[in-house]
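Asks: The structure follows.
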Amino acid sequence: MASLQPTRAARPIPMPPMLRHVMPEIEWAVHAEDVAAIRQLKRDRDAIILAHNYQTPEIYHGVADIVGDSLALAREAVTAKASVIVLAGVHFMAETAKILNPGRTVLIPDARAGCSLASSITAADVADLRARHPGVPVITYVNTSAEVKAASDICCTSGNALKIVESLGVPRVIMIPDGYLARNIAARTSVEIITWEGACEVHERFTPADIAEIRAGHPGVAVVAHPECPPEVVAVADFAGSTAEMIDFVARDRPKRVALITECSMSDNVAAGFPEISFVKPCNLCPHMKRITLPGIRHALETLTHEVTVPDAIAAGARRAVDRMLAVR
Ligand code: 13P
Ligand code: SF4
């Protein structure tokens, strides 16, 4: 497919009404031309944009076709019909989309969008773990490279980790690479979990003292933590779950005030849909997620860069582990 000429959009897109209480009109004005150009490019390229819940509101509410947590994005990647998939998220998510959809062009707007968990472990580390714990199955969080997935028995996300652990029907599992996620799951099951000491650089920074301060400053606040947070933080939260489960909690319980203990953009994206709820916004930015911008998405669609590829042999092994996860309901 040829490179398209840089686009000039005919008419900037007005701000979606739901963004009114999370973004000043003047800020939208900066984005409006890119939003219009990207919407046109999606039509020209037969492309869709899959965006993670941590993307900024102008991406999430302005140009994304599908939004969700890692599990939802993986499920959507299986059924995507478009010729081109742009993954507004981090590299492992784009790799997963490619593994599940090898016939489509998968683009990531910034190839440097990594993840501290994915970079904490290699396929050789998995082989070492297997040698030290013979016969124990390896459950790998999707926040890993395709090579690490291929070296594993099955994948999991934060949304299905408990279910995956219990689906195997064994007394011990190896769960990599997030030590905190593994401990948070271990607290909820009788299955013994051997883990790895990887951590999310965003969630590991939250402390019980942060939660105490939020509760002191905002009486009655519901505290909802991501399970990549340290167990001491999850222990003092009212609920813990994946980013999609956090949204479900807000939609179901409708607390008057809520604090989402996770990446910064999450609260803005969710708050847009719940104007009656007050969001306390403790904030840790993911520098990798923030590499994805509207100009970057526009450039990716204009030039069809950066294409994500996975060598066939690795893709086959990784797909087996991801498919096995998706089959667990
Ligand atoms: P989920 O959206 O699957 O909860 O994952 C959070 C995350 O940190 C992804 O990078
Ligand atoms: Fe990785 Fe944490 Fe960023 Fe998610 S938030 S991409 S787990 S560093």
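The values are calculated or read from the model by the stated rules, or taken from the named source; none is laboratory data. Owing to the predicted nature of the structure, the values given are computational and were not obtained by experimental measurement. As a convention, Cβ positions derive from the backbone with ideal geometry for all residues, glycine included, and neighbour counts pool all protein chains shown.
Asks: For residues in the stretch 87-119 being over 20 Å from R320 (Cα atoms) and not hydrophobic (A, V, I, L, M, F, W, C), which is nearest to ligand 2 (Cβ to nearest atom)?
Replies: Top of the filtered list is S116.
Asks: Looking at the stretch 165-178, which of the residues that are surrounded by fewer than 21 Cβ atoms within 10 Å (Cβ to Cβ) and in contact with a strand residue (DSSP E or B) (Cβ under 9 Å, 6 or more places away or on another chain) is nearest to D125 (Cα to Cα)?
Replies: First pass over the stretch 165-178, keeping only residues surrounded by fewer than 21 Cβ atoms within 10 Å (Cβ to Cβ): 166-172.
Next, only the ones that are in contact with a strand residue (DSSP E or B) (Cβ under 9 Å, 6 or more places away or on another chain) stay: 167-168, 171-172.
Working: S167: 24, L168: 22, P171: 22, R172: 18 Å.
Here the residue is R172.
Asks: Do we find a residue being surrounded by fewer than 24 Cβ atoms within 10 Å (Cβ to Cβ), closer than 22 Å to Y180 by Cα and either without any contact (Cβ under 8 Å) to a residue 12 or more places away in the chain or assigned by TED's automatic domain parsing to the domain that holds R43 (or both) anywhere in the stretch 102-111? Steps first, please.
Replies: Residues of the stretch 102-111 that are surrounded by fewer than 24 Cβ atoms within 10 Å (Cβ to Cβ), as a first pass: 102-105, 110-111.
Okay, now just the ones that are also closer than 22 Å to Y180 by Cα, so none.
No.
Asks: Go through the stretch 250-271 and count every residue that is surrounded by fewer than 20 Cβ atoms within 10 Å (Cβ to Cβ) and either within 23 Å of E197 (Cβ to Cβ) or of a type in the set (A, V, I, L, M, F, W, C) (or both).
Replies: Qualifying residue count, the stretch 250-271: 2.
Asks: Okay, moving on. What's the number of the only condition in (1) at pLDDT below 95; (2) part of a loop (DSSP other than H, G, I, E, B); (3) over 30 Å from P311 (Cα atoms) that M18 fails to meet?
Replies: Unmet condition: (2).
Asks: Only one of T122, T140 is touching a strand residue (DSSP E or B) at 6+ places or on another chain (Cβ under 8 Å) and either within 16 Å of ligand 1 (Cβ to nearest atom) or among the β-branched types (V, I, T) (or both). Can you tell me which?
Replies: Working: T122 fails: touching a strand residue (DSSP E or B) at 6+ places or on another chain (Cβ under 8 Å).
From the options T122, T140, the qualifying one is T140.
Asks: Looking at (1) within 16 Å of ligand 2 (Cβ to nearest atom); (2) in the same structural domain as A36 (by TED's automatic domain parsing); (3) assigned to a loop (DSSP other than H, G, I, E, B), which is the only condition A82 fails?
Replies: (1)
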